Every structure is written in structure tokens, then in C-alpha cells.
Amino acid sequence: MTVCSWLRLVLAALALVTAPSAYAQQPAPVTPKPADPAKPAANTSVRHEPLAPKPDGPVLVTARLPEGTTRATLKVQAVAPGKYVRKSDPEYEKDWTDLPMRDDGKEGDTKAGDGVFSVRVPAAYQKHRWLVRYRVVATDGTGKAAQLPAADDPCPNFAWWCDAGPAAWTGSREPGKAPAVTFSAAFLGTLQSMHLLARAEDVARSQWDPDAHKQKQQGALVYRGVVYDHIQYSNRGQGSAHIAGKNKWGLKFSRGRDVPVVDHDGVPFPAGCDSLNLNPGGSTPYLPILRGISGLDEVLCMRAYRLAGVPSPPATWVQWRVVSSAEEVSAKDQYAGDLWGLYVVIGEMEPKLLADRKLPDGLTVSIQSGVKHTPKGMTDAQKEWETFLNGMRSGPKEAWWRKNLDLPAYYSFHALNRLLGNVDLRPDGNHGYYRHPDGRWAPIPWDMDMTFVPRHHQPGHIEAIGCLQHPAIALEYRNRAREILDLFAADAGDRGGQVGQLTADLGAALTPKKFDVDWPRLDEARWNFHPRINPKGAYFANPTEGGYFGGPFKRTLATADFAGFRKYLVDFCTDARPVKNYAPNDGDQRGYGWGYLAHEAKDEKIPAKPTVDRPDDTFRFAASAFTSPAGHKAAGLEWRVGRVGQRGWYELADHWRKDAGEGRTVDIPTEVFKEPGAYRVRARWRDDTGRCGHWSAPVSVRVK
């Protein structure tokens, strides 16, 4: 074999080992079942076992190398906690230890002469919180050598991280005045972690130095046992980027090394992520009246938009751990060490992430930062965006809106903005757009840390609101607004399939059973009086006040804890006010979102709400006769089935719908009810003007 042909084989192997599968598992399909732990793909040419080593145990490294390889060497670099070595550091090419690899069927090598070289890395290398990098150098009979991964690869090494599990952490919500609380290692294991391995000075510069705003720093991410080395991280945000103390993070991964994120229930994001956004989950630093809510407001909002059919980034929680010092936990300083507390993880505005059922590849744009994703084959993304933007600003006719705006998505988006009190929304910020291949644009929600506020602040709408100037479109919006009130804001119960259940389901991730502590309390102890936090002592303050452009607001919790915030959110979105004196900008948190949306949905000419019966044990249902207070004629009876009661089953998400015309009965196919659980059957009348009445009270169907 010639040197050239041997090198070609080495390069072919290089193409395999530097593929994404060499660094992390491929994204799993969306499923309600927990994802399997991260594993290298079967075709990986270089691997180590176990994937996530524990201390004091050997690690077996194997490499399938090209024919003609006569010698293989494993180069190992051990990096101590707090001593992260950047790829750009001169030290990066130093302190590599050579370990000879063998293909003789001995000492861990499976079979002699099969081209798979192996070596056991001694147990002494496996120390808690240490990063171990490695490379393979293959040499042929002529002395020609090639390195795997290549020196010019974005990540020119493989790596593992040794982790014995988190150490218990103790902290006080106000050191010296409030008792310290211990959060056990078992409790810390109830929420998935992300570790950033980085230099302390880089972390401080990124998070707290305005002169380093959005400057990229280097580090390694460890997630679900997999090391993503040489990532970039920075702070995020605009005017509020550095003022809170507990600030936003942005993570950017090497090209082709997407991270397969799962949510707090173990359900995978729809696709791997090439970047991630971490939010502090403490409400806006300008007006932190919801501090202690722990990002429940943000995750709840994103889930609600998504359920309603609005393209929305996925959102979940992690415990964020930053390994930048030798000590994991400090006995002298509760604010030192790895644990940074609770953060909200949000995906990007990429079509592959914006829905549980993958959207077609399309253009996405952030109002503030411009084009986020350009579909394959599109060469004029900026022109497409400017054409749409200018069209909206030209006072277009109804036909233009129907051709260019995804009206159903916009109706849901605008209605939920009212229900959720999204008061920081404005034409020039805090949203984006997704362009379908057919040319229609749909809004994307973003930056949900100033929601559930019963005052006006920013305009609370986007430029697409211009479509509502056309009566026919406004009528359709009111239909959808009433539907969201009926299907999402009418039941406050924990198992009612609406906002109450969604809040309870999400909140359960932060309040694990069988523990007398929870994640919001941990986050409070970690940050409430942190030297960097601004303002101090704001967690669970009750009552507290804030001043908005629309006037002051006094926020009161039933109990000064996370349960109090859960109740606050549910009350805000449901008809919780004793005296029904709802008015926009009235400053009363009780039922404010429900009242605002009901105000916009009001139409005295809609058909009367029907009643629905199930005459027998079949799936035939009957509705009461059409009645119109305005004297309009019936145009159709709509039927729907929603799923409720189980985690992930919410009535707002369409399960089955049918327009039955003017007939008053419907036979629903048996397969609609094939899964065990609870279902709700409802009907509503539509008149000849296009107005839809409220959905009927539900008829429950339980399938065992």
C-alpha cells in the first residue's frame, strides 16, 4: 500500500470520527417516553467506554484504523477543575501523555489483527470533575502519521468528563438572618444538569463586564454524560444584559455538533440544537415583581403558544453548574462553587424546533437581530423579509393579509398575548416570524420574562395587528379568542386539561415529591442575596409593587412561595375576580388576562351555546338546536374532541375536529378514543355571518 492510498484511508476514517455521532447521540424522535441515555452511534470509529466514567475506574478507548496502520498512540490530556485550557491557549498543545494502543487481543483489545486498536486509560486519570481529552495518532509502515480528529477540526480532540454526582449544597435565603437549608445530593438529582467547564475570569467577564458584551468565551459543555468541547458562550440581552446579576447566557456549539436536548420530563426537543439560550427565570430585571417564579411564566407561555399552533421555541429547565474553581462546594462561601441554580433553556427560532410536528424548512427572522435561519435554496432572504415588512406598513387590503399572513397562527398569538399579559411585546421587539414555503408568515413569541402583568407597558402587539382593521378578519379573531377562553382558560383544576393542569404539570418538575425542599427555594438561597444580584431580597417578596408605563401595580401572593406563584398564574388566566369589573389596564391581577381576552372576544350577535348529550354507549353525540339572538341563520355545527387529565394532554391542542354542517348529531370514529384516558366532546354553532358561538360544556368520555 502506498503512502498516498494509506492517507486516503485515514482521511476516510477522519470523516467518520469527526461526524456529529462521534460527540453525541443523534436526536431521538419526539415521543412522550423518556429518552435513552446518550450513547455514541454504532458507526463511530473512535469511542470510549464507559461514556461517562466514574472516579477510580479505567476507561477503554478503541479506534478502528485503516489497513496499513502499524502503530497507534493515544494522546491524553487531563484538565483539572478550574483549570480549563482553551483551544487558543499555548498550553493546549502541551502536557499530552502518550499511551500505546494495541491490536493483539490482549488487555482490553477484543481481537488481534482486526484493525481495531485499544488501550485502557488507567484509573488514576479518573478524578471527580476532571476533563480528560484524547486523540489518536495512527502511523503506517513508512512512518507517516495522521491525527484523529484532525488538527484543523473545530474540535481537535475527543473527551470525557468524570463525574461522581453532585455534592449536597447548603445555603440561606439571607445569610446571617435566615437559617441555612441543605439540598441533598438525592434532591439535586431530580433535575437534569448542564455543566460549563470554563475559566473563572472568562465567566466573570462574560456575565458581569459590560465592556465584554456578547464577546465569545471558550469552554466545554457537559450534558447527559457527553462532552461538547470548545464551545462558545457569552452573555445575552440588550439593555438588561448585565444589570440583574443573575443574567442570560448564550451557548454556541461547533458546526455539526448539535446537542440533543430533552425537557424536564425526558421528552426530546424535536431536533438537535446548534445553540441554546439560558434565561435566569427571575422575571425582568427592570421590574422583578415575579422573582421567585423560577421561569414558570416563561415555560408556561411557550407551551401555551405551541399548544395553540403558534410556531414557538421549546423551553425547559436545567440546573446550571459552572465548573470554574477547584472546589465544587465551598464551606465558607455559599455563593462559590459549581452550582449556579435554576435556569430556563430555550431553543432558537429554527423551523426544526418550532413545533412538535416538524415544520417545512422556511425563513425565520427576529425583529431585533434579523434573519435567524435561511432555508436551502433561498438567496434573497433579506429581500423577502423587507417585502413582507413593507407590505404590512402599506395599509394593505384584506386580500393581502390573507395571502401573506398565517391568520390562524396570528389569532392564537394575539389572543394568548392578552390572556398571558405579555406587556413587553412591541412592534420593534420581542418576537419574530416564520415564513411558510407558501409565502405566509406566522409570528414567533420571544422574551417572555415580563408577562402576567395587569398593566399596559409596551404596546402589547406587533405590526401584524393591522389585519384586525378588516371586519371579516376581526370577526375570525374574536371566534378564536372565545375558543381559547373555552378550551384553555375555563378550568383552573390541576387535572382539568387547561391552564390549571398545564401550570400544575410544569410546576411539578420544580417541586419533586418526597422532598421537603424545592428548586425555587434553592434558587432563592443561591441568588436572593448574592453579591451580584440586583435588587437584593426580591425573591417571594409579598406584597410588592412595580411601576409600568400604564401605571403602578401591587402584586400579592396568597402564600409567599412557589405555590403562591402557581396560584397567581392560574388566577390571572381564569375568571377569578369576585366582582366582574374587568377592564384593560385596571391593575387588578385577579382574572386580568381572562378579562382582557373576554373584552376583545365580546360579540353580542354570536349564536347561543349549545348543550351536548351522549344518548347511549356508542360514540354518537347530539347537540341542541341552533339559536341566534341576532336572528341569523345556521351555517354549520362544529364538533371537536380534546384529550385531558394526563400530563401532556391539554384541550387546547386539536385532537379531532369536524364540521357536521347543519345536522345536530355526529358519529365520532372509534379510533379517536383508542388511547386510555379522558376525552372531552364539545360542539359549537356557526351562523351565516361567520360568527361562532362558545363551545358547549364538555361531555366526558373515559377510556380504560
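Okay, residues lined up against (1) farther than 29 Å from THR544 by Cβ; (2) among the charged types (D, E, K, R):
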position: TRP441; (1), (2): yes, no
position: PRO445; (1), (2): no, no
position: ASP449; (1), (2): no, yes
position: VAL453; (1), (2): no, no
position: PRO459; (1), (2): no, no
position: ILE462; (1), (2): yes, no
position: ASP486; (1), (2): yes, yes
position: GLY496; (1), (2): yes, no
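Evaluating ASP103 against the criteria (1) of a type in the set (Asp, Glu); (2) surrounded by 15 or more Cβ atoms within 10 Å (Cβ to Cβ); (3) at pLDDT below 95 leaves one unmet condition, (3). Within segment 231-256, being of a type in the set (A, V, I, L, M, F, W, C) and at pLDDT 95 or above holds for ILE231, TRP249, LEU251, PHE253. For residues in segment 619-657 being crowded, with 17+ Cβ neighbours inside 10 Å and basic (Lys, Arg), which is nearest to THR689 (Cα to Cα)? Among residues in segment 619-657 that are crowded, with 17+ Cβ neighbours inside 10 Å and basic (Lys, Arg), the one nearest to THR689 (Cα to Cα) is ARG640. With respect to ASP114, is the statement that it is in the same structural domain as SER45 (by TED's automatic domain parsing), under 22 Å from GLY219 (Cβ atoms) and among the charged types (D, E, K, R) true? Spelling it out, it is not the case that ASP114 is in the same structural domain as SER45 (by TED's automatic domain parsing), under 22 Å from GLY219 (Cβ atoms) and among the charged types (D, E, K, R). Within segment 413-427, the set of residues being among the polar types (S, T, N, Q) and part of a loop (DSSP other than H, G, I, E, B) comprises ASN422 only. Screening GLN498 with (1) surrounded by fewer than 23 Cβ atoms within 10 Å (Cβ to Cβ); (2) outside the structural domain of GLY266 (by TED's automatic domain parsing); (3) touching a residue at least 40 places away in the same chain (Cβ under 8 Å) gives one miss only, at (1).
Out of all the residues in segment 302-326, which are more than 11 Å from the chain's Cα centre (by Cα) and under 23 Å from ARG521 (Cα atoms)? Those that are more than 11 Å from the chain's Cα centre (by Cα) and under 23 Å from ARG521 (Cα atoms): GLN319, TRP320, ARG321, VAL322, VAL323. Scanning segment 357-391 for residues that are among the basic types (Lys, Arg) and surrounded by fewer than 13 Cβ atoms within 10 Å (Cβ to Cβ) yields ARG357, LYS376, LYS383.
Give the residues of segment 125-146 that are outside any strand (DSSP E or B) and either within 19 Å of GLY225 (Cα to Cα) or touching a residue at least 24 places away in the same chain (Cβ under 8 Å) (or both), sorted by residue number. Hits for segment 125-146 are TYR125, GLN126, LYS127, HIS128, ARG129, TRP130, GLY141, THR142, LYS144.
Quick one: which residue in GLY165, GLY176 is touching a Gly at 6+ places or on another chain (Cβ under 8 Å) and either assigned by TED's automatic domain parsing to the domain that holds VAL259 or at pLDDT 95 or above (or both)?
None of the others qualify; the one that does is GLY165.
Conditions (1) under 20 Å from GLN501 (Cα atoms); (2) part of a strand (DSSP E or B), marked per residue:
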site: ARG255; (1), (2): no, no
site: ASN277; (1), (2): no, yes
site: TYR286; (1), (2): no, no
site: ARG291; (1), (2): no, no
site: ARG306; (1), (2): yes, no
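Among the residues of segment 503-513, none qualifies, meaning not one is among the acidic types (Asp, Glu), closer than 25 Å to GLY245 by Cα and crowded, with 19+ Cβ neighbours inside 10 Å. Counting only residues that are of a type outside the set (Phe, Trp, Tyr) and either touching a Cys at 6+ places or on another chain (Cβ under 9 Å) or not in a loop (DSSP other than H, G, I, E, B) (or both), segment 160-197 holds 12 of them. The number of residues in segment 344-358 being in a loop (DSSP other than H, G, I, E, B) and in contact with a strand residue (DSSP E or B) (Cβ under 7 Å, 6 or more places away or on another chain) comes to 5.
Can you name the residue in segment 66-88 that is surrounded by fewer than 18 Cβ atoms within 10 Å (Cβ to Cβ) and in a loop (DSSP other than H, G, I, E, B) and is also modelled with the lowest pLDDT among such residues? So the residue we want is GLU67. Within segment 436-468, being touching a helix residue (DSSP H, G or I) at 6+ places or on another chain (Cβ under 8 Å) and surrounded by fewer than 23 Cβ atoms within 10 Å (Cβ to Cβ) holds for GLY439, ARG440, GLY460, HIS461, GLU463, ILE465, GLY466, LEU468.
Taking the condition part of a loop (DSSP other than H, G, I, E, B), crowded, with 20+ Cβ neighbours inside 10 Å and out of contact with any helix residue (DSSP H, G or I) (no Cβ under 6 Å at 6 or more places or on another chain), does GLY537 pass? Considered against the rule, which asks whether it is part of a loop (DSSP other than H, G, I, E, B), crowded, with 20+ Cβ neighbours inside 10 Å and out of contact with any helix residue (DSSP H, G or I) (no Cβ under 6 Å at 6 or more places or on another chain), GLY537 comes out as no.
The condition of being within 34 Å of the chain's Cα centre (by Cα), within 27 Å of GLY421 (Cα to Cα) and either modelled with pLDDT of 95 or more or charged (D, E, K, R) (or both) holds for only one of TRP695, TRP639, that being TRP695.
Scanning segment 278-295 for residues that are under 19 Å from ALA508 (Cα atoms) and in contact with a Ser or Thr (Cβ under 7 Å, 6 or more places away or on another chain) turns up GLY281, LEU290, ARG291, ILE293.
Does at least one position in segment 428-451 carry a residue that is assigned to a loop (DSSP other than H, G, I, E, B), more than 24 Å from LEU405 (Cβ to Cβ), under 26 Å from the mean Cα position of the chain (by Cα) and in the same structural domain as ALA304 (by TED's automatic domain parsing)? Yes, segment 428-451 contains a residue that is assigned to a loop (DSSP other than H, G, I, E, B), more than 24 Å from LEU405 (Cβ to Cβ), under 26 Å from the mean Cα position of the chain (by Cα) and in the same structural domain as ALA304 (by TED's automatic domain parsing).
You will find that of PRO268, PRO280, the residue that is touching a residue at least 40 places away in the same chain (Cβ under 8 Å), within 21 Å of PHE562 (Cα to Cα) and either out of contact with any Leu (no Cβ under 8 Å at 6 or more places or on another chain) or crowded, with 21+ Cβ neighbours inside 10 Å (or both) is PRO280 and no other.
Would you confirm, using the coordinates I've provided, whether HIS456 is more than 25 Å from the chain's Cα centre (by Cα), in a loop (DSSP other than H, G, I, E, B) and more than 16 Å from GLY309 (Cβ to Cβ)? Yes; evaluated as a whole, the condition is true for this residue.
Residues of segment 506-547 being over 16 Å from ARG173 (Cα atoms) and over 21 Å from the mean Cα position of the chain (by Cα), which ones?
LYS513, LYS514, PHE515, PRO543, THR544, GLU545, GLY546, GLY547
The values are calculated or read from the model by the stated rules, or taken from the named source; none is laboratory data. Please read all numbers here as calculations on a predicted model, not as lab measurements. Cβ sites come from the backbone with ideal geometry, for glycine too, and all protein chains shown count toward neighbours.
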